1. In the chain, if the dipole is taken from +1 on Lys/Arg beta carbons and -1 on Asp/Glu beta carbons about the Cα centre, which of Leu131, His72, Ile21 is farthest to the positive end?
2. So, in Å, what gap is there between the alpha-carbon centers of the range 108-140 and the range 55-91?
3. Using the Cα centre of the range 56-166 as origin and beta-carbon charges of +1 (Lys, Arg) and -1 (Asp, Glu), tell me which of Gly150, Asn87, Ser165 is placed farthest towards the positive end of the dipole.
4. Report the percentage of all Cα-Cα pairs in the range 2-82 whose separation exceeds 14 Å, rounded to a whole percent.
5. Could you work out how far helix 151-163 tilts from the main Cα principal axis of the chain, as a 0 to 90 degree angle to the nearest 10?
6. Would you work out what percent of the accessible area of the chain, with all protein chains in place, is carbon or sulfur (probe 1.4 Å)?
7. So, for the chain, what is the accessible surface per residue at a probe of 1.4 Å, expressed in square angstrom?
8. Rank His60, His8 by accessible area, highest first, at a 1.4 Å probe radius?
Amino acid sequence: MSEKQIVHYDIQSPIGELRIIGTSLALFRICFANDKSRNEGIGKPVHDLTLFPAIEEVVHFITDYFQGKTKHWEIKSPLGGTEFRENVWNLLTNVAFGTTVSYSELAAMADRPGAARAVGSAMANNPIPILVPCHRVLHADGGLGGFGGGLDAKEWLLNFEKEHSN
């Protein structure tokens, strides 16, 4: 096994199948079933997660998340975005489970008031949804906005978190 070998692991979730892509040392992305890029450069499927600890850790987190057992993921390395996007993604991991923030509020948190559209772009380019909980970002009027997994999945995640936020 090479530390650079790109692999993928598919996991069933209440919002559909998720594809986790990475190497033994790094997570690259999480794709929803409807993601057109989910089959680009994904390498071989993983059969023994113990050989790919970075992916195994994410599988355990996602499993625990959907059981309501874990609520926070800490970003361990840069995700490949611009400095602004990396900052926004890091700030977003601090938005509490079961709560939401608006695009403009997140822009203000990033010291870029008025950059709500740039925050929206960061959300659209989030490589690891659920771990970096872009589903918690809404329009200022409470509208859902967008979500790579679809608005039904976003609404499901928000309702799930609300129910399990105790």
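1. Value computed over the given set: Ile21.
2. Using only Cα atoms, the two centres lie 14 Å from each other.
3. Value: Asn87.
4. Result for the distance tail: 62 percent.
5. Compared with the principal axis, the helix lies near 80 degrees.
6. Values: 4300 of 8590 Å².
Carbon plus sulfur share of accessible area: 50 percent.
7. 52 Å²
8. Values: His60 105, His8 20 Å².
Ranking His60, His8 by accessible area, largest first, yields His60, His8.
The values are calculated or read from the model by the stated rules, or taken from the named source; none is laboratory data. All of these numbers come straight from a predicted model, not from anything done at the bench. Neighbour counts are summed over all protein chains in view; Cβ atoms, including those assigned to glycine, are modelled from backbone coordinates with ideal geometry. Note: areas computed on protein heavy atoms with side chains; ligands, DNA, RNA excluded. Shrake-Rupley method; radii C 1.70, N 1.55, O 1.52, S 1.80 Å.
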